[in-house]
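Data block below; observations after.
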Amino acid sequence: MKPLAELKAVSKSFGRIRALDGLDLAVADGEIVGLLGPNGAGKTTAIGILLGLRRPDRGEARLFGRDPRDLSARRCVGCTPQETSFPVTLRVREVVDLVRAHFRAPHDRATLLERFRLDDLEQRQIGGLSGGQRRRLACALAFAGDPALVLLDEPSSGLDVESRLGLWETIRVSGCSVLLTTHSFEEAEALATRVVVLHEGRAVASGSPTALDGHGNDLRSTYLTLTRPQP
């Protein structure tokens with residue numbers, strides 16, 4: 001079975017900075033893949049290429065077997081970018097309905113808001129939401145169209161502990177295939193069926209959160225070694 005999303009030997013540079021260096025990455029149906037790496041590892045660039053927002057310098061990106069810039073492929077994907085902004089005078093329900101209108105068979109608004117603990121904020125203007133509430137709304141919008149695949153870029157950024165745990169549970173039971181980026185091994189361990197450790201634009205380890213690399217180290221040890229400050 002073909003992957004839902006795939007990067008094949010993808011490289012991308014911005015001037016002298018190489019964000020991705022021959023990256024191979026795939027998300028199969030039913031997987032929750034955690035793309036784990038420190039800031040600057042290339043995680044957001046990989047998401048942008050999979051969404052057709054950036055073009056690779058070398059290599060190939062495929063979304064449902066098609067070019068990511070193909071509208072028919074992108075309609076099957078939900079996304080929460082790392083940074084989001086909303087018109088401050090719109091109400092939560094209006095933003096949700098705006099996104100739902102782009103999909104043929106979206107989730108029911110009431111059900112979606114309840115899942116992401118936004119039902120009591122339905123009539124609230126965006127400008128009156130806290131940062132954490134806005135982040136939960138951004139994540140809810142990724143699932144609004146009942147997509148086959150969801151891409152989440154640092155989904156729990158800025159959330160308190162209770163909101164983070166609630167969001168993790170919602171993602172786990174969503175039934176969607178998910179690719180999420182994170183710099184937190186705790187988040188990857190809590191959510192992912194498979195973790196890919198990204199370092200300087202390259203995948204350096206992959207497997208379940210408890211898998212061993214080729215040197216007998218588990219993925220946590222591998223990641224901590226890569227991110228440990230140099231003396």
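Since every read-out is calculated from the coordinates, none of them should be taken as a lab result. For clarity, every value in this text was computed on a predicted model and none was experimentally measured. Ideal geometry is used to build each Cβ from the backbone, glycine not excepted, and the neighbour counts take in all protein chains shown.
Rounded to the nearest 500, what is the 222 nm mean residue ellipticity of the chain from helices alone, with -39500 (n - 2.57) per DSSP H run of 4+ residues and division by all residues?
-8500 deg cm²/dmol
Using alpha carbon coordinates only, what is the Rg to Rh ratio of the stretch 94-231, with Rh defined as the Kirkwood radius?
A ratio of 1.04.
Spin-label point model (7 Å from Cα, Cβ direction): what's the Ser208 to Glu94 distance in nm?
It is 4.9 nm.
Sketch the reach of a paramagnetic label on Gln125 as a point 7 Å from Cα along Cα-to-Cβ, and name the residues of the stretch 75-94 whose backbone nitrogen lies under 19 Å away.
85-94
Which whole-number percent gives the relative contact order of the chain, counting Cα pairs below 8 Å spaced six or more residues apart?
RCO, the chain: 26 percent.
Would you mind checking the radius of gyration and Dmax of the stretch 24-147 based on alpha-carbon positions, in Å?
Using the Cα atoms of the stretch 24-147, the pair Rg, Dmax is 15.9, 47 Å.
Using 0.36 nm per residue of separation minus the Cα-Cα distance, give me the extension gain between Glu162 and Met1 in nm, one decimal.
Full extension of this stretch gives 54.2 nm more.
Using 7 Å Cα-to-Cβ label points, what is the Arg69/Leu53 separation (nm, one decimal)?
That separation, rounded to one decimal, is 1.7 nm.
As I understand it, the dipole of the chain uses +1 on the Cβ of Lys and Arg and -1 on the Cβ of Asp and Glu, about the Cα centre. Which of Val197, Val77, Leu129 lies farthest toward its positive end?
Of Val197, Val77, Leu129, it is Val77.
One quarter of the convex hull surface, Cα atoms only: what value does that give for the chain in nm²?
13.6
More than 14 Å apart: what percent of Cα pairs in the stretch 76-153 qualify?
More than 14 Å apart: 56 percent of the Cα pairs in the stretch 76-153.
Going highest first, how would you order 220-228, 85-93, 27-35 by mean Cβ packing within 10 Å?
Packing order, densest peptide first, comes out as 27-35, 220-228, 85-93.
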